[in-house]
Amino acid sequence: MSMKQFNLMGRAALVTGSSRGIGRAIALGLAECGAAVAVHGAHPAKALDETLADVRKLSPRSVAVTGDLSQPDVPEKLVTDATAALGGLDILVANASVQIRKAWAEVTQMEAEQQMQVNFHATLRMVQAAVPGMRTKKWGRILTIGSVQQQRPHPDMIVYAASKSAQENLVRNLAKQLGPDGITINNLAPGVIMTDRNVPALADEAYAARVRNMIALREFGEPSDCAGAALLFCSDAGRYITGVDLFVDGGMAL
Ligand SMILES: NC(=O)c1ccc[n+]([C@@H]2O[C@H](COP(=O)([O-])OP(=O)(O)OC[C@H]3O[C@@H](n4cnc5c(N)ncnc54)[C@H](OP(=O)(O)O)[C@@H]3O)[C@@H](O)[C@H]2O)c1
């Protein structure tokens with residue numbers, strides 16, 4: 001074992017949804033290990049500019065790409081844009097998601113489709129677009145970001161939870177198909193991580209206390225808590241790990 005196994009110099013990565021939150025932390029980690037990173041947000045925004053500036057301090061060849069993954073042509077376009085800008089694509093982190101909180105009986109068809117499109121269909125399309133280039137090099141790393149809700153679905157996020165379980169199933173299926181070409185694919189399932197999407201719900205102190213009590217470590221995670229595991233999966237250190245579903249959740253899934 002050597003720290004050199006985490007060296008990503010010469011590798012190119014796309015991290016969707018990296019303008020903020022967990023994706024930003026993963027993008028910074030990949031850049032610190034030497035990868036050129038395509039950071040991504042749904043739309044051009046100050047947060048995306050700031051993330052790109054921070055990532056470039058670590059890895060100057062990094063770029064930004066934008067696109068709303070609820071639009072059917074965008075997943076393939078993002079892979080094409082990132083590949084063109086970086087001169088290849090070795091690492092794909094499918095991190096962006098849409099999460100709509102609503103009682104199950106009130107979820108509309110459009111809301112259900114939007115979540116399935118971004119959280120499942122877009123992942124499949126990006127993998128389809130990225131794998132041919134990885135196959136040529138006989139090296140590739142694909143990481144999907146799931147959720148503790150694969151194990152403990154939240155009553156007000158029925159479609160979101162189902163979309164993450166579908167994505168995890170896709171990972172296990174593809175691990176066997178991509179392995180012979182030196183491509184690993186894994187799923188990292190966060191618990192409650194302090195990012196923008198959790199601010200409104202956790203502002204309710206009684207609710208926050210109830211959720212904290214479900215977590216073995218009794219605290220919410222930070223985006224950087226997901227970066228270490230992501231680096232393992234995306235580097236040579238994780239060369240012999242594929243088809244794995246790893247909870248980074250302080251023990252919430254137990
Ligand atoms: N935070 C948690 O507690 C938690 C728990 C379990 C799982 N997760 C998973 O972890 C991942 C990251 O979550 P997070 O909390 O870090 O996210 P976040 O802070 O809410 O940021 C969401 C990111 O996704 C992008 N995005 C949102 N909708 C998009 C769309 N339609 N098309 C393209 N990009 C879109 C956003 O871009 P803009 O900046 O342009 O809006 C942003 O970069 C997600 O897959 C989430 O399901 C999070």
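Output the residues belonging to the range 17-74 that are more than 20 Å from Leu143 (Cβ to Cβ) and in contact with a Pro (Cβ under 8 Å, 6 or more places away or on another chain).
Across the range 17-74, the qualifying residue is only Thr66.
For Val199, state whether it is under 20 Å from the mean Cα position of the chain (by Cα) and within 24 Å of Phe247 (Cα to Cα).
Numbers: under 20 Å from the mean Cα position of the chain (by Cα): yes; within 24 Å of Phe247 (Cα to Cα): yes.
Yes.
Among the residues in the range 135-144, are any under 25 Å from Leu30 (Cβ atoms) and small (Gly, Ala, Ser)?
Restricting attention to the range 135-144, the residues satisfying the condition of being under 25 Å from Leu30 (Cβ atoms) are 135-144.
Pick out the ones that are also small (Gly, Ala, Ser) and you get 140.
Yes: the range 135-144 contains one or more residues that are under 25 Å from Leu30 (Cβ atoms) and small (Gly, Ala, Ser).
Contact list please: Cβ distance under 8 Å, first residue in the range 207-229 and closer than 15 Å to Gly251 by Cα, second residue basic (Lys, Arg) and surrounded by 13 or more Cβ atoms within 10 Å (Cβ to Cβ), pairs at least six apart or on different chains.
Close Cβ pairs (under 8 Å, with a partner that is basic (Lys, Arg) and surrounded by 13 or more Cβ atoms within 10 Å (Cβ to Cβ)) amount to Met214/Arg152; Arg218/Arg212; Glu219/Arg212; Phe220/Arg212.
Could you check the range 159-209 and list, in sequence order, the residues that are more than 15 Å from the ligand (Cβ to nearest atom) and either among the polar types (S, T, N, Q) or on the phi > 0 side of the Ramachandran plot (or both)?
Across the range 159-209, the qualifying residues are Asn169, Asn173, Gln177, Gly182, Thr184.
Which of the numbered conditions does Lys137 fail, given that it passes all the others? Conditions: (1) closer than 15 Å to Ile185 by Cβ; (2) among the basic types (Lys, Arg); (3) without any contact (Cβ under 8 Å) to a residue 60 or more places away in the chain.
(1)
Could you check the range 129-155 and list, in sequence order, the residues that are surrounded by fewer than 21 Cβ atoms within 10 Å (Cβ to Cβ) and within 16 Å of the ligand (Cβ to nearest atom)?
Restricting attention to the range 129-155, the residues satisfying the condition of being surrounded by fewer than 21 Cβ atoms within 10 Å (Cβ to Cβ) are 129, 132-133, 135-139, 151-155.
Answer for the range 129-155, where residues must be surrounded by fewer than 21 Cβ atoms within 10 Å (Cβ to Cβ) and within 16 Å of the ligand (Cβ to nearest atom): Ala129, Gln151, Arg152, Pro153, His154, Pro155.
Computed from the coordinates by the stated procedures, all read-outs in this text should not be read as laboratory data. Quick caveat: nothing in here was measured; it's all calculated off a predicted structure. We place every Cβ from the backbone using ideal geometry, glycine too, and count neighbours over all the protein chains shown.
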